[in-house]
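Notes to accompany the following structure.
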Amino acid sequence: MIEIGNQQYQLVRNEKSSFNKEEFEEKYTDHFQSYDYIFGDYAYDKLRLKGFYESNHEKAQKFNDISTLDEYILHYCAYQAKYFLLKKVK
């Protein structure tokens, strides 16, 4: 369990043991509190974060629906990139 911003998250994917709590805390902002998931990947050794919603969430759209995560990884992440996925614990 990871706690940040008075919110708890569960690490559900950790490709190549990429999750680094210190780096995540440096990048995390309040912007991500509304999302159900936070996806992090590394491009040129820099952490990038992106929020995703559950498919049934009223704000879910194709670009931020968790069901499109694999497509996002394929098209927007470097080949064999390190990445992780955190799920908000309600």
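Please treat every number below as a calculation from the coordinates, not as lab data. Note that the coordinates shown come from a computational prediction; the quantities given were computed from them, not determined experimentally.
Data for the structure
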read-out	value
Value at 222 nm in deg cm²/dmol, rounded to 500, when DSSP H runs of n ≥ 4 in the chain each add -39,500 (n - 2.57)	-4500 deg cm²/dmol
Debye log10 I(q)/I(0) at q = 0.11, 0.18, 0.19 Å⁻¹ for the stretch 2-88, Cα point scatterers	-0.27, -0.75, -0.84
